[in-house]
1. Among the residues of the range 167-193, write down those that are small (Gly, Ala, Ser) and either farther than 26 Å from SER110 by Cβ or at pLDDT 65 or above (or both).
2. Are there any pairs with C-beta distances below 8 angstrom linking a residue in the range 101-117 that is farther than 15 Å from THR160 by Cβ to a residue that is outside any helix (DSSP H, G or I) and hydrophobic (A, V, I, L, M, F, W, C), with the two at least 6 apart or on different chains, and if so which?
3. Determine, yes or no, whether VAL136 is closer than 17 Å to THR156 by Cα and buried (at least 16 other Cβ atoms within 10 Å of the Cβ).
4. Looking at ILE164, is it of a type in the set (A, V, I, L, M), assigned to a helix (DSSP H, G or I), within 28 Å of ARG126 (Cβ to Cβ) and modelled with pLDDT under 85?
5. Based on this model, can you work out whether TYR53 counts as in contact with a Leu (Cβ under 6 Å, 6 or more places away or on another chain), assigned to a helix (DSSP H, G or I), of a type outside the set (S, T, N, Q) and surrounded by 14 or more Cβ atoms within 10 Å (Cβ to Cβ)?
6. For the condition buried (at least 20 other Cβ atoms within 10 Å of the Cβ), of a type in the set (Asp, Glu) and part of a helix (DSSP H, G or I), what is the one hit in GLU92, GLU79?
7. Scan the range 187-208 and report the pairs whose first residue is within 16 Å of ASP148 (Cβ to Cβ) and whose second residue is exposed (fewer than 12 other Cβ atoms within 10 Å of the Cβ) and at pLDDT 75 or above, with Cβ atoms within less than 8 Å and a gap of 6+ or a chain change.
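The values are calculated or read from the model by the stated rules, or taken from the named source; none is laboratory data. Predicted model, so just to flag it, every value in this text is computed and none were measured. Cβ coordinates were reconstructed from backbone atoms using ideal geometry, including for glycine residues, and neighbour counts include every protein chain displayed.
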Amino acid sequence: MTKPERRLPTRRDAVANRERLLVGAEDYFAELGIDAPLHGLADRVGVGIGTVYRNFPSHPDLVRALYDRIVERFDVVAEECAQQSSGWDAIETLIRRSVQLLVAQPATASIMRRQHHNDPEYQPGRKWSEPIVEYVQRAKDEGRLRGDVTATDIATIPFTMSSIQTLPMGEESSVPHRLITLMLDGLRAHPHEATPIDEDPLSRRDHYSLVHGARN
């Protein structure tokens, strides 16, 4: 009886394996930390360790690839900001969408820090600096942003709020939206009317469960 011919891996297979590794690595590092061993990633994704090293010869190579994916996501946010009709709307879009990305991908901050440690000179995010400066000035000229707010304040805010990602809640939670709305009101030029918040505040019980990782 003739044995069935073994199918050789194709370029499409290689691309699919690389994508599976990158997607799996984000969840893997979010769960176990950025220094988790690569053989564990191979087991998690369901490929051989050789496949991991063919795609990413070293841990820094994998971190760089993950970092570049993060940059691509923030490039999309930058495009959305550029399409806004006012400086304030661009700032609000930047903050809301950035926090959304950080909540959805909890390993983002650790990947960014490790990439900087591995290669401090690699800074593709510099291209976002000038647009943020422009949005801040426009929002001030519009009379909608406090005069003492800087571009670095705006760029830093999403990461100061990134601890939201450590809380045991689903992406559908109203907590990030509520906190962002409160924070944005603190940035507005005064006097202004407080922005209505549709989401209910947490109860004491819910707050305790949230910060302690307890499930109701």
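1. Across the range 167-193, the qualifying residues are SER173, SER174, GLY186, ALA189.
2. These pairs meet every condition: ALA107/ILE34; SER110/ILE34; ILE111/ILE34; ARG114/ILE34.
3. Judged against the criteria, VAL136 is a match.
4. For ILE164, the condition - of a type in the set (A, V, I, L, M), assigned to a helix (DSSP H, G or I), within 28 Å of ARG126 (Cβ to Cβ) and modelled with pLDDT under 85 - is met.
5. Considered against the rule, which asks whether it is in contact with a Leu (Cβ under 6 Å, 6 or more places away or on another chain), assigned to a helix (DSSP H, G or I), of a type outside the set (S, T, N, Q) and surrounded by 14 or more Cβ atoms within 10 Å (Cβ to Cβ), TYR53 comes out as no.
6. Every option except GLU92 fails the conditions.
7. Cβ pairs passing all conditions: ALA189/GLY143; ALA189/GLY147.
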